[in-house]
Structure formats: C-alpha cells, structure tokens
1. Could you check the stretch 116-155 and list, in sequence order, the residues that are among the acidic types (D, E), in contact with a helix residue (DSSP H, G or I) (Cβ under 8 Å, 6 or more places away or on another chain) and either over 30 Å from S223 (Cα atoms) or touching a residue at least 60 places away in the same chain (Cβ under 8 Å) (or both)?
2. Are any residues in the stretch 234-259 more than 15 Å from the chain's Cα centre (by Cα), assigned to a strand (DSSP E or B) and not β-branched (V, I, T), and if so, which ones?
3. Contact list please: Cβ distance under 6 Å, first residue in the stretch 62-83 and assigned by TED's automatic domain parsing to the domain that holds V106 and under 21 Å from G50 (Cα atoms), second residue part of a helix (DSSP H, G or I) and small (G, A, S), pairs at least six apart or on different chains.
4. Cβ-Cβ distance below 8 Å, separation of 6 or more or different chains: which pairs start in the stretch 163-178 with a residue that is free of Cβ contacts under 8 Å to residues at least 40 places away in the same chain and end on one that is among the small types (G, A, S) and surrounded by fewer than 21 Cβ atoms within 10 Å (Cβ to Cβ)?
5. How many of the residues making up the stretch 42-58 are in contact (Cβ under 8 Å) with a residue 24 or more places away in the chain and under 25 Å from D30 (Cβ atoms)?
6. When you look at A270, is it buried (at least 19 other Cβ atoms within 10 Å of the Cβ) and either at pLDDT below 80 or over 25 Å from D156 (Cβ atoms) (or both), yes or no?
7. Residues in the stretch 66-76 that are more than 16 Å from A103 (Cα to Cα) and not aliphatic (A, V, I, L, M): how many?
Amino acid sequence: MRFTQVVVAVSVAALPLLSAACQDSGATTDTSPIIIGADLELSGVDSAIGTTYSRALQLRIDQINADGGAHGRRVELVAKDNRSDPTLSVANINAFVADRSIAGIVMGACSACVTGVAKALDDAKLPTVTLAPASGVARPVSERRYVFKLGPNAEDSAAALAGQVRTAGVHRVALLSTDDVDGSDALSALDAQLPRTNATVVTQQLFRATDTDLTQPVHAALSHSPDALLVSAFPGQAALVARSARDSGYTKQIFFDATAAGDLFLSGPAGNATDGAIMVAPQSLVIDDVIATNPAKIARKRWFADYTARY
C-alpha cells in the first residue's frame with residue numbers, strides 16, 4: 001500500500017461544536033474561551049487512531065485561534081484518554097456532561113460507547129461529534145438529536161470494496177473482523193454487497209478488539225485457501241492481520257475497509273506486509289492526487305499540507 005502520507009481528516013469535527021457554542025452564548029461581547037471536550041484512544045490497542053484524531057483536532061483549533069478564534073473567542077481542547085476502554089470512555093463523557101464549561105464533545109473510535117451516553121447527551125443538549133465507524137452511532141435520529149457522525153458508513157465502504165473485488169476478479173474471499181458492533185456492522189454490509197460480485201465467502205473469522213496476537217484467526221482463514229482477505233479492523237489490528245498473513249506465506253490480495261487507515265501502514269514490518277494491498281478510504285488519504293478545482297478541495301489540500309508539515 002503506497003501512500004505518501006496518511007491522515008484522518010477530522011478537522012471539521014470542531015466546526016458544528018463551535019457554531020453551537022457561539023449561538024448559545026447569547027452575548028456577542030463574551031470573550032471567555034470555548035472549551036471542547038475530547039474523549040480519545042490515546043493509549044491502548046487503538047492508540048494509533050486516537051493519537052491521529054488528537055493531533056488533527058489540536059491542529060484545527062490552533063488554526064482557528066490563529067485566525068482570531070471563533071467570533072473572537074479563543075478555543076481550547078480538553079482531551080481525556082479512555083485507554084481504548086469503553087467503560088472509561090463512558091465515564092469520561094459523563095464527566096464532560098457534568099461540566100457546564102464544556103461547549104461540545106468529540107468522541108473517538110468507540111461505537112458502543114455512544115449508546116451508553118446518548119440519552120445523557122440528549123438531555124444536556126450537548127452537541128457531540130463521534131468519529132466512530134458504526135452506522136448506528138447516529139441512529140435512530142430521534143434519540144441522537146445532538147450526536148453527529150463523521151466518516152464513511154459501513155454500507156458505503158462495503159459497496160466500494162465489492163467493486164474492487166469484482167474488478168480484481170476474486171472468487172474466494174475470507175472475511176476477518178472484530179467481534180464487536182463495528183465488525184458486525186461491516187460484515188452485515190459486506191454480506192449485502194458481495195453477492196453482486198463473482199466472489200464466494202469461504203470463511204468468516206472474528207477476533208476481540210483487544211487481541212494483540214491474531215495468528216490463530218489468520219491461520220484459520222488461510223486454511224480455506226482464499227484468493228483474498230477482506231479485513232475490517234482499526235489500524236493496529238489490521239496491520240497485525242497483514243503481517244501474520246505474509247509471515248505465513250500468503251502472497252495474494254488483501255483488502256481493507258475504511259476503519260483500517262493509519263500511519264502503521266507506512267513503514268516497518270506492517271508497511272512491507274501491506275505493500276500492494278487495497279484500502280477503501282476517504283479522499284483525504286490520496287489528497288496528492290486530487291486536483292483543487294473548488295474551494296472545498298483547496299481547503300482539504302491545505303489542511304493535508306499543514307498536518308504533514310507538523311507531524
């Protein structure tokens with residue numbers, strides 16, 4: 001997999017929160033800071049993606065402040081590490097809800113956590129942007145009035161993957177994913193899309209989101225002689241799947257859905273293991289190939305340049 005750089009584009013996560021904070025302030029002369037709470041995976045199994053989110057958010061806030069802030073008010077980010085633990089994530093969110101100085105919240109990669117705090121967020125009317133991949137984090141809308149989802153839905157990712165599988169002429173695929181809501185979401189979407197290809201699913205292998213050794217599920221998948229592996233997992237585990245497969249002598253195609261994007265694929269053993277793999281991901285991941293034909297694309301390219309220059 002050859003990317004010149006990889007960045008998760010979460011810069012827009014702060015925008016609806018800042019807008020709501022300015023509207024709710026009620027006083028144009030208010031110069032107090034706008035405080036955004038962030039619950040992120042800064043350590044633990046998902047630290048690669050949480051660290052990227054944290055960097056992206058801080059960069060965007062620094063840019064806003066450099067331009068004079070939001071309606072003249074400085075923006076501050078208060079980040080809490082949930083250690084990739086859903087229980088701690090829910091505790092962090094409840095602490096933010098109880099803190100009246102918090103204008104809005106950014107939640108990280110934990111999809112299941114949204115269910116545990118959705119009512120509290122709704123009752124507090126606290127705008128929250130979730131970066132989790134599962135489609136259900138913002139559904140049903142009637143119970144998620146203050147929760148907004150960024151990033152591709154599993155259905156869109158699966159449709160794009162199915163198109164790549166069809167183009168590659170793959171006939172036997174093995175699915176590997178986490179045994180949580182994210183994995184279930186991805187597998188359901190793939191089950192709906194793969195019948196439109198010429199491929200047959202020969203096996204589905206699940207693993208825990210906290211597993212650090214994926215040799216067993218990978219070997220089980222390879223025992224079915226697949227033409228391709230389709231992987232749905234966050235960067236750390238996606239890289240482990242690729243490395244375990246290559247170490248076992250697997251030389252055929254590996255596909256990743258959008259949850260796998262991260263800098264773990266750029267260098268070292270994981271970089272070598274994913275060379276030639278195909279990943280479905282937002283346009284930001286191939287921004288070098290995008291021609292800036294409108295203001296939105298120009299802004300994304302500038303953002304990419306600023307992020308890679310700093311990190």
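The values are calculated or read from the model by the stated rules, or taken from the named source; none is laboratory data. Predicted model only: the values in this text are computed from it and were never measured. Quick reminder, even Gly has a Cβ in these numbers, built from the backbone with ideal geometry, and neighbours come from all protein chains shown.
1. Pass one, the stretch 116-155, residues among the acidic types (D, E): 122-123, 143, 155.
Subset that is in contact with a helix residue (DSSP H, G or I) (Cβ under 8 Å, 6 or more places away or on another chain): 122, 143, 155.
D122, E143, listed by residue number.
2. Q253, F255
3. A79/S54; N82/S89
4. none
5. Step one: of the stretch 42-58, the residues in contact (Cβ under 8 Å) with a residue 24 or more places away in the chain are 42-50, 52-57.
So of that shortlist, the ones also under 25 Å from D30 (Cβ atoms) come out as 57.
So the answer is 1.
6. yes
7. Taking the stretch 66-76 as the starting set, the residues that turn out to be more than 16 Å from A103 (Cα to Cα) are 66-68.
So of that shortlist, the ones also not aliphatic (A, V, I, L, M) come out as 67-68.
Summing the residues that are more than 16 Å from A103 (Cα to Cα) and not aliphatic (A, V, I, L, M) in the stretch 66-76 gives 2.
So that you can scan it fast, the table gives a plain yes or no per residue for (1) touching a Lys or Arg at 6+ places or on another chain (Cβ under 7 Å); (2) within 16 Å of V280 (Cβ to Cβ); (3) surrounded by fewer than 22 Cβ atoms within 10 Å (Cβ to Cβ):
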site: M107; (1), (2), (3): no, no, no
site: C110; (1), (2), (3): no, no, no
site: V117; (1), (2), (3): no, no, no
site: V137; (1), (2), (3): yes, no, no
site: L176; (1), (2), (3): no, yes, no
